[in-house]
1. With no solvent and one equal point scatterer placed on each C-alpha of the range 330-480, evaluate the Debye formula and give log10 I(q)/I(0) for q = 0.10, 0.18 Å⁻¹, two decimals.
2. Using 1/(1 + (r/R0)^6) with R0 = 35 angstrom and r between the beta carbons of Gln419 and Ala463, what's the FRET efficiency to the nearest 0.05?
3. When only C-alpha pairs under 8 Å and at least 6 residues apart count, what is the relative contact order of the range 395-480, in percent?
4. Taking amide H positions as placed 1.01 Å from N in the peptide plane, with prolines and chain starts having none, which residues 5 or more places from Arg20, or on another chain, fall under 5 Å of its amide H?
5. Can you give the FRET efficiency for Arg21 and Asp217, using 1/(1 + (r/R0)^6), R0 = 35 Å, r = Cβ-Cβ distance, to the nearest 0.05?
6. What share of Cα pairs, in percent, lie more than 19 angstrom apart in the range 253-435?
7. Just need the relative contact order of the chain here, percent rounded to a whole number, with Cα pairs under 8 Å and 6+ apart.
8. Between Thr471 and Val135, 0.36 nm times their residue separation minus their Cα-Cα distance comes to what?
Amino acid sequence: MNRNFIGGEWVGGAGGDVVRRNENPSDVSDIVGVYAQADAAQARMALRAAREAQPAWAAGGIQARAAALDAVGSELLARQRELGTLLSREEGKTLAEGIAEVARAGHIFKYFAGEALRVRGDRLESVRPGVEVDVVREPLGVVGIITPWNFPMAIPAWKIAPALAYGNSVVFKPADLVPGSAWALAEIISRSGMPAGVFNLVMGRGSVVGEVLATSDEVNGISFTGSVSTGKRLLSQATQQLTRLQLEMGGKNPLVILEDANLDIAVECAVQGAYFSTGQRCTASSRFIVEKGIYSEFAARLVAAMKTLRVGHALHPDTQIGPVADAAQLQTDLEYVETGKAEGATLACGGELLRRETEGFFLSPALFTDASAQMRIAREEIFGPVACAIVADDFDHAMSLANDSPYGLSAGICTSSLQKASYFRRHMKSGMVMVNVPTAGVDYHVPFGGTKGSSYGSREQGAHAIEFYTTIKTAYTRAA
Ligand code: UN1
């Protein structure tokens, strides 16, 4: 059994035997491992350990922090194939995607090892002669990190690495569905030379472990990625303790295709953005907004490309699209396929359960055409390989359709017009805009986040991550 890591010790679940079985979505007969489930008392123990360990970690200096993060990054990169296999086995993305994700996590740790050395302050003159002002950054304190199942390594990495780099201690609660990658990451961190209690792993249910993080006044900040409903619940609970929050939630990301687009690029962006990683990305393209002159040709070419996609076991070398992550998500995806039909959209391709040699959650990538902006399939985040195409009369209409969403995470356009691309970049109400590149699949060294209902709080990743994980102190000094 894989245990939790609390105060530098590996501890069993509550009562010693409360475990979760980790099921492979490509083959439900394959159990990836069994994992201890922490209870509320253990979550509180982890918070106490983090509270006690944090001052010494912050005072220990940036070289020690950089060295520890660099060691974690190196090991992730060295073991990317092995850990990528574990990730794909438990989450269902393809082996190539799993390996790439572990490598990305490795690069993130190395990036923040460097960032730990680059924390800057400001010195200003005071308006009062003889007084000097210093503006410096200090760690936030104890940070709770709550992550989703769709990026079991990369999302924990881009929260844990900056938290530790800037001198915070961490209590990490991974998604219930993917404890294997989280445990492997924790095991690597446990050997990186950090003092006991600086980093803690508590696997368990949101309603138990998450609840403790959300309601404890021992927590200074919570960084969360997950659903809108959980994000809102966290917000209402954690603000009672004035806990700082960073929430990354849903998306309903448009990909606009204009008549002047290079259609090869447009189809490639559509397939990658909507269907790779089985569409289970908050950055996935789920609304294709297509100018009317090119609509039929685009739809025909997209369907042709979709029909060539090989859906299957995540670890099979030929597979391009892995299974849906679990039975509940598969059920949601199938319900949305029915909803789309009932709303009057045309199911142009896919949306069918597939049988493979092993029993898993295989779904053919689905495209609805003749969709309208009011349909639920065009407004609600599905989080699966289901997208819809909406016809736009012209560029202005495409812009207003693209912005007509409660979400604002990532938005893409395929066009060869610099003028239209520039207009799109300026007027899309989203945190990320993509010109002739897919809406999903972002770099690790630049800010990530959205507007409107997609995000709350300051940006993640890149140099801007420091905003969340530090607090500012202003010091006035008169030499006397
Ligand atoms: C990506 O598109 O490369 O949960 C990353 C998600 C996002 C990460 C997307 N927070 O899908």
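The values are calculated or read from the model by the stated rules, or taken from the named source; none is laboratory data. This one's a predicted model, so the numbers in the text were calculated from it and none came from an experiment. As a convention, Cβ positions derive from the backbone with ideal geometry for all residues, glycine included, and neighbour counts pool all protein chains shown. To get the accessible areas, we keep the full protein, side chains included, count just its heavy atoms, and leave off ligands, DNA and RNA. Shrake-Rupley method; radii C 1.70, N 1.55, O 1.52, S 1.80 Å.
1. Log10 of I(q)/I(0), two decimals: -0.50, -1.17.
2. Working: r = 31 Å, r/R0 = 0.88.
Computed FRET efficiency for Gln419 and Ala463 comes out at 0.70.
3. Numbers: 113 pairs, mean separation 22.2, N = 86.
The value is 26 percent.
4. For Arg20, the qualifying residues are Tyr35, Ala36, Gln37.
5. Numbers: r = 34 Å, r/R0 = 0.98.
For R0 = 35 Å, the calculated efficiency reads 0.55.
6. Working: 8960 of 16653 pairs.
So the portion of pairs separated by more than 19 Å is 54 percent.
7. Details: 1171 pairs, mean separation 85.5, N = 480.
It rounds to 18 percent for the chain.
8. Working: separation 336, 0.36 × 336 = 120.96 nm, distance 1.04 nm.
Difference between extended and current length: 119.9 nm.
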